[in-house]
């Protein structure tokens with residue numbers, strides 16, 4: 001029978017749908033979930049009061065999705081976010097697409113209106129499964145309480161892989177209240193052997209490598225997702241290969257490896273881009289050949305024969321022509337390549353070519369700061385020089401993201417968290433929050449620009465509530481810097497909607513949230529201010545008031561090639577002509 005509250009009295013061995021959801025999350029290894037309550041998801045929040053699962057209340061559902069993503073990115077485990085129906089669910093969409101673009105394992109659980117009123121435009125009803133369908137691996141509504149456990153188990157399996165990604169499970173509120181059988185033991189599913197490329201493809205890849213003069217290896221985010229970093233490092237070391245990384249794979253290289261040429265792409269290191277442009281063989285591992293890496297595909301690495309290894313066969317040949325396809329699990333693929341290179345033709349080293357490729361490089365070009373002005377690149381250089389080796393850095397999106405990516409010294413790809421494929425402003429602070437919950441004893445730093453920070457600054461309240469010692473480096477140039485830079489270069493200096501000179505007093509704003517903060521505006525004060533930030537045992541914000549006209553170099557214009565990268569001289573030439 002039903003009580004006045006609308007809940008059912010249960011017999012022994014029964015549970016509510018809400019309690020089953022929480023028990024299943026714990027059984028799947030989830031320790032922390034991020035969310036925001038509302039009407040349709042209230043039964044789940046009621047059950048949380050008597051459940052050991054840790055729930056983190058963010059101040060916006062989008063932040064819950066980004067925090068779950070930061071948790072997943074920094075651990076490799078499934079991140080979980082929770083929201084109510086209607087606007088609560090739709091506020092998760094950007095975070096789900098962010099996870100989809102970067103192959104991040106995420107499960108989103110949303111409440112839905114009662115099954116009896118679904119389809120009637122009931123209060124806070126949204127067809128979230130249809131809305132989320134294009135931005136998730138799967139989006140499903142549970143319409144039968146008996147299928148709840150099975151649906152959630154399938155969601156976790158799918159989120160984990162083989163190619164990780166987000167899954168949304170929508171649960172009507174009456175199903176969360178319904179009587180269901182208590183959670184049973186996890187169904188035993190035989191461990192499937194990892195997918196592996198066929199022998200002929202492996203032999204063909206090694207034949208290309210052994211016949212190459214100028215091979216280059218590229219690590220993509222799939223190396224991180226597959227847990228294949230150690231094997232990738234071993235392959236690069238065995239052949240003395242020059243190698244580069246996409247932004248999602250920064251940290252895959254062995255720290256200090258001289259043959260690592262840096263980040264590839266639009267704002268990549270000169271040596272990385274020119275080595276790829278000159279390569280005769282490319283070994284691409286777990287990358288998508290995104291347009292920010294290739295520019296125009298028909299002008300990318302025109303001399304190279306390409307070996308593409310990826311868990312998702314649909315990615316192979318999608319953007320650039322591939323000579324050898326290695327479709328399969330990257331750990332298995334790399335292990336087999338190492339094994340076969342020993343067993344068949346031995347190892348050929350490319351140290352001479354690696355030295356030649358290194359010589360393509362030069363120091364990162366930077367704009368000259370006016371006397372006494374604080375440079376954002378100088379802040380980033382000083383910060384990375386001071387961070388402990390196991391620090392985790394989460395960035396927002398914009399110029400500071402590229403400056404950080406160029407300068408990061410991550411010892412592991414799970415130590416540098418950024419919204420790469422989607423480029424989501426507002427990502428940095430909540431992602432850092434998720435990473436700090438996952439690694440409570442580690443230094444976690446959020447690097448944010450003044451534009452992106454204002455999209456998620458309410459999460460300062462989350463820092464204060466949970467006493468999370470996240471450190472925020474706020475690069476404030478009072479501009480939407482990357483857009484302004486493009487207006488400088490490609491739109492005849494027609495500055496439209498990029499002036500943020502009316503920014504708030506960020507130190508006073510942080511203080512209003514109860515977060516310690518200070519401002520630095522002079523280069524001479526910067527080192528001591530960063531030292532105080534990193535030594536703080538509580539959350540702290542360092543507002544870096546930087547000069548507004550600093551640009552991010554190098555920059556390969558859209559559709560151009562690596563040989564056409566722009567530096568500060570581009571604007572200097574323009575100024576001289578004017």
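The values are calculated or read from the model by the stated rules, or taken from the named source; none is laboratory data. Only a predicted model underlies this, so the values are computations on that prediction, with no experimental measurement involved. Methodologically, a virtual Cβ is constructed for each residue, glycine included, from the backbone with ideal geometry; neighbour enumeration extends over all protein chains shown.
Observations
- Region 173-254 holds helices (runs of 4 or more DSSP H) entirely within its bounds, and those carrying 2 or more residues that are over 30 Å from residue 421 (Cβ atoms), more than 22 Å from the chain's Cα centre (by Cα) and free of Cβ contacts under 8 Å to residues at least 12 places away in the same chain map to 199-210.
- Filter result for residue 280 (assigned by TED's automatic domain parsing to the domain that holds residue 243, in contact (Cβ under 8 Å) with a residue 40 or more places away in the chain and buried (at least 17 other Cβ atoms within 10 Å of the Cβ)): no
- Restricting 124, 100 to those that are part of a loop (DSSP other than H, G, I, E, B) and surrounded by fewer than 24 Cβ atoms within 10 Å (Cβ to Cβ) reduces the list to 124.
- Residues of region 140-179 satisfying the condition of being closer than 13 Å to residue 99 by Cβ and in contact with a helix residue (DSSP H, G or I) (Cβ under 6 Å, 6 or more places away or on another chain): 164, 165, 166, 167, 168
- Test for residue 273: is it under 23 Å from residue 385 (Cα atoms) and buried (at least 24 other Cβ atoms within 10 Å of the Cβ): no
- Of the listed requirements (1) without any contact (Cβ under 8 Å) to a residue 60 or more places away in the chain; (2) more than 24 Å from the chain's Cα centre (by Cα), residue 275 misses just one: (1).
- Considering region 361-389, and only residues there that are at pLDDT 95 or above and in a loop (DSSP other than H, G, I, E, B), the residue that is surrounded by the fewest Cβ atoms within 10 Å (Cβ to Cβ) turns out to be 388.
- Filter result for residue 69 (surrounded by 23 or more Cβ atoms within 10 Å (Cβ to Cβ) and either touching a strand residue (DSSP E or B) at 6+ places or on another chain (Cβ under 6 Å) or assigned to a helix (DSSP H, G or I) (or both)): yes
- Residue 429 buried (at least 24 other Cβ atoms within 10 Å of the Cβ), assigned to a strand (DSSP E or B), modelled with pLDDT of 95 or more and touching a strand residue (DSSP E or B) at 6+ places or on another chain (Cβ under 8 Å): no
- Residue identified as closer than 18 Å to residue 113 by Cα, touching a strand residue (DSSP E or B) at 6+ places or on another chain (Cβ under 8 Å) and at pLDDT 95 or above among 41, 33: 41
- Scan of region 43-63 for residues that are assigned to a loop (DSSP other than H, G, I, E, B) and more than 17 Å from residue 465 (Cβ to Cβ), ordered by number: 49, 50, 51, 52, 53
- Inclusion of residue 40 among residues that are out of contact with any helix residue (DSSP H, G or I) (no Cβ under 7 Å at 6 or more places or on another chain), surrounded by 21 or more Cβ atoms within 10 Å (Cβ to Cβ) and assigned to a helix (DSSP H, G or I) is not warranted.
- Residue within region 72-87 that is part of a helix (DSSP H, G or I), over 20 Å from residue 470 (Cβ atoms), assigned by TED's automatic domain parsing to the domain that holds residue 127 and modelled with pLDDT of 95 or more present: yes
- Residue within region 545-567 that is crowded, with 19+ Cβ neighbours inside 10 Å, assigned by TED's automatic domain parsing to the domain that holds residue 389, modelled with pLDDT of 95 or more and farther than 30 Å from residue 273 by Cβ present: yes
- Which listed residue, of 162, 134, is in a helix (DSSP H, G or I), under 27 Å from the mean Cα position of the chain (by Cα) and closer than 30 Å to residue 94 by Cα: 134
- Applying the set (1) in contact with a helix residue (DSSP H, G or I) (Cβ under 8 Å, 6 or more places away or on another chain); (2) surrounded by 14 or more Cβ atoms within 10 Å (Cβ to Cβ); (3) more than 14 Å from residue 309 (Cβ to Cβ) to residue 212 leaves exactly one unmet item: (1).
- Looking only at residues in region 467-485 that are touching a strand residue (DSSP E or B) at 6+ places or on another chain (Cβ under 9 Å) and closer than 9 Å to residue 539 by Cβ, the one that is surrounded by the fewest Cβ atoms within 10 Å (Cβ to Cβ) is 469.
- Among the criteria (1) out of contact with any helix residue (DSSP H, G or I) (no Cβ under 8 Å at 6 or more places or on another chain); (2) in the same structural domain as residue 432 (by TED's automatic domain parsing); (3) modelled with pLDDT under 95, the one residue 408 does not fulfil is (1).
- Matching residues in region 526-544 - criterion: being in a loop (DSSP other than H, G, I, E, B) and surrounded by fewer than 21 Cβ atoms within 10 Å (Cβ to Cβ): 536, 537, 538
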